[in-house]
Structure formats: C-alpha cells, structure tokens
Amino acid sequence: MIFGIKTISIWRHFPAIYALPFVLATTQFPAVVAVSELLRWVVLFFGVLMALRFKFRRGGFQRGISTTIDFVLVVVLALFLLSSLWSIDAIFSAQKAVSMTLLIITSFWTLWRYADSYSEERLLNGLLFTVVGILAANVTLGWFLGNPMLVGRFRGFFLNPNNIGILAAVAGGLSLVRWLDRMTWKNFLAVAIVMSNLVLAGSRASMLSIGLVTFFYIGRSLLASRARGTLFGFLLAAGGLWFFQTDFFVTRILRAYSLADASNRIYFWSLAKNYIAHRWWLGHGFGTDIIIHDYYGVVLSDLGLRGAGVMSSYYGLGVQIGIPLTVTFFALVWGYVLGALFIRFQYAKSYVYAAIVAGGLVVAIFEPVLFSAGNAFSFLFVVVFMLLVRRETYRRRGISLGPHGELAKSQPAGLKTWRGP
C-alpha cells in the first residue's frame, strides 16, 4: 500500500502503463495530449514512490547510492538543478531538472528493481507491448485519423514524422535484436510494425541508428558463429541493396535535396554556436535550449526554419550547461558505452544494450531528445541504458542473473538480495 492505494496490480503491469502517456503525448489530438501530459507526471511520481517504498534498494545492495554510476547520476542531476541559479529562466530550468530527476529515479531504481523481481525480458515485453501496439494502430488506422501526411512524409496520428522516428530508434533496435535472437512470429511482427512506421515516416537518423545496431550485432555474430553472422550479413546486404534502388527510398527517405543542410539542421547548429559563444563556460541553464531563440530575439519562422530547440542534444546541452560540462558528460557516456562494445564485448546482453544506446546517441546528434524527460525517446532510451549499467554492475559484483535477466535464486554466500515488491 502507498497512501492507502493497493499497488501490487499496478506494479505487475507498470512497464506497459509507464510507456503509455509518453507515447500518446506526441499525437495530434489535443484532449489526448492534455491527459497524457498529466499522466506522465503521475507515472513518474508513482515510480519515485515505489523507489521510496523499496528504500532505494536493489538486488544485492544495502544502500541506495551504491555504484559509481549512481554517484555520477546524482552529481549530474545536482548540476542540472544548480544551473537554475544562473539560468535565463530559473523556474523553467528547475522544473526541467526535477522532471529529469523523476525519470532517472524511476528508471535506475524502480524499473531496475522490477527487472530484479520479474526479469529484464518481462520489463521490455511490457514497454514494447505498449509501444508496438500504438505503432500498429498508427500504421493501420493512422491513415484515417487526423492528417496522416506532413510535407510528404507519413505521420499517421502522431504530431510529426520525427515523433515516429525517435520512438522507433530505440524500439526498433530492441525489436530487431530480440527477433534475431529468437525468430518467433511475435518478434517478427513487432519488427515489421516498427520498421513499417519508420520507413513510411522517412526518419533517416533513426534508420542510421538501427543500421548501427545491426552492424554491431552482425559483427559479434561473426565472432561467435561465422556461418550465422555471414548469413545475416548477406541477407541484410542483399535486402538493403534492393531497397536503396527503389523510387520510394530515393524520394521519401534519401531526399537528396535536403542532405546538404541536414534538413536545415546546419542552420540550427550555427545558431547554437552563436548562443554558446555568449555563455560558453556555464551555459544558459538546464532545459533552456527550447526557449533560447526567444531569449535572443530570433524568430525561426522569419528565417524559414521549423523545429525544436537547436535540433541536437549535443549542441543543446552546450547551450544549457556550457562547453566544459557538456564535453565531460558525453566523454563519460561514450566511454562507458564503447567500453562495453569493444573491451567487454564477450558479454552478449551488455553488448546488445550498448549497441542500442550507441544508436540512440547517434540519433541525439540530430534530435533534441536526450534531456527532455517527457518525449517519446528518452523514457525508453534511459531504460536501455539502465539495463546496460545493471548488467555491468552485477557482473562486476558477482551477482547471478537468471535466464531472462531476473535475479537468480542462488547467490554467492553472504550476499543479501531483495526480491519482489
């Protein structure tokens, strides 16, 4: 019970419930968006309340702050909140920092604990059940609800084709590797649904992300089983070569006329450089990349531009907290991910999660998605990053996991674990 509310039923199905408002908040329907934006706060507060109920304990840990990553997260979140002291909009920055803190706590403590109790597989099944279900509705019913096309690209009932892209960037990578590991019809259907949405939306950054995940997966498959890796590589290469020659690819996805300026992103990045130059040391405050144009009196429509923030999470963080902290942050994140890919690649699950995170970091070059707790990308991306950290942490500490990523019942002598809610 939390505040008199029985939580066990909600807890069992929490991943599916958790994903719902993040996805629906990016649709075209004002009433649905308004309710979903409220429900995002509800699920995040519920996640924090569950973490409090567990006393922030996770499998094998007797303290809430017990890993190096935990310490780094606390420091980063504290810096985000402190930036409100010099922010161009203190209240806005504080609100953004608080929402990001709720997202991190829910992911790194509550959903981590869920994976301990029920398994990684059940956690991902719940998240993908909601995401794939909504994308299935979009690709079938989206043609008849709202205005399905925007500038020649499919969006269905989503607000923007890029909303499909950023959602599919992580969901597509997860669905693909799950199908490659276990070629069941359910896994294939999930891949088909996500990829059909992505191809119709024509999101190039997300396709690049999934291509990167596929490359890493095949590379490791070649090391583990040369025959299997070669077969995967040949089939994907043949399919890719055929697809690249179709008119659909040339007109809807390649869109050569927009490659030179990366669909106007070059102009956004030029603006970002100018903004950063004014406050390169500490930035303008966390979350302010969304309001930075107004602060400097830049009207995007007058420049013929349309987009959110400065159209990059990297430039966006530079605008928010300055160059030194931005470089430090991304060096730490990329260093951790590349270590799992190239130094500790023998650990299959960690490797797959690292590949998906790397793909997400590539998408973040072109989209302002990493540092907003409410978008359709960050909630799923942070969960995958959490699962990578969880695997790496348990491996180093000798904590055993079951076949589906749950805490194993048998643990080393003297190791205390907590299971269940």
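What follows draws every value from the coordinates through simple rules; no lab data is involved. None of these values were measured; they are calculated from a predicted model. Heads up, the Cβs are rebuilt from the backbone with ideal geometry, glycines too, and the neighbour counts pull from every protein chain shown.
Think of each Lys and Arg Cβ as +1 and each Asp and Glu Cβ as -1; about the Cα centre, that makes the dipole of the range 8-397 roughly 1280 debye. First measure r as the distance between the Cβ atoms of PHE342 and ALA408, then evaluate 1/(1 + (r/R0)^6) with R0 = 30 Å and state the FRET efficiency to the nearest 0.05. It comes to 0.60. Annotation: amide H-H contacts under 5 Å for LEU401 (H modelled 1.01 Å from N, sequence separation of 5 or more, or interchain): ALA408. One decimal place: the segment ASN274-GLU37 gains 82.1 nm when fully extended, by the rule 0.36 nm per residue minus the C-alpha distance.
Electrostatic bookkeeping for ILE292 treats Lys and Arg as +1 and Asp and Glu as -1; over the other residues with beta carbon under 11 Å from its beta carbon, the sum is -2. Between the listed residues VAL382, SER9, VAL362, the Cα displaced farthest toward the positive end of the dipole of the range 8-397, a dipole computed from Cβ unit charges relative to the Cα centre, is found at SER9. Near PHE345, once Lys and Arg are set to +1 and Asp and Glu to -1 for all other residues with Cβ below 15 Å from its Cβ, the sum equals +4.
Using R0 = 56 Å, the C-beta based FRET efficiency linking SER301 and ARG397 works out to 0.55. For ALA331 and ALA16, the FRET efficiency from 1/(1 + (r/R0)^6), where r spans their Cβ atoms and R0 equals 25 Å, is about 0.10. Electrostatic tally near ALA354: other residues with Cβ closer than 11 Å to its Cβ, Lys and Arg +1, Asp and Glu -1, net +3.
Straightening the chain between PHE188 and LYS55 buys 44.0 nm, computed as 0.36 nm per residue apart minus the Cα-Cα spacing. Restriction of the chymotrypsin sites (Phe, Trp or Tyr not before Pro) in the range 123-218 to DSSP coil positions whose beta-carbon has at most 16 other beta-carbons within 10 angstrom yields TRP143, PHE144. For the range 130-145, backbone phi angles converted through the Karplus equation (6.51, -1.76, 1.60; θ = phi - 60°) give residue-by-residue couplings of 6, 4, 5, x, 5, 5, 5, 5, 5, 6, 9, 9, x, 5, 10, 10 Hz, Gly and Pro being listed as x.
Extension gain for the segment VAL98 to ASN147, taken as residue separation times 0.36 nm less the Cα-Cα distance, is 14.2 nm to one decimal.
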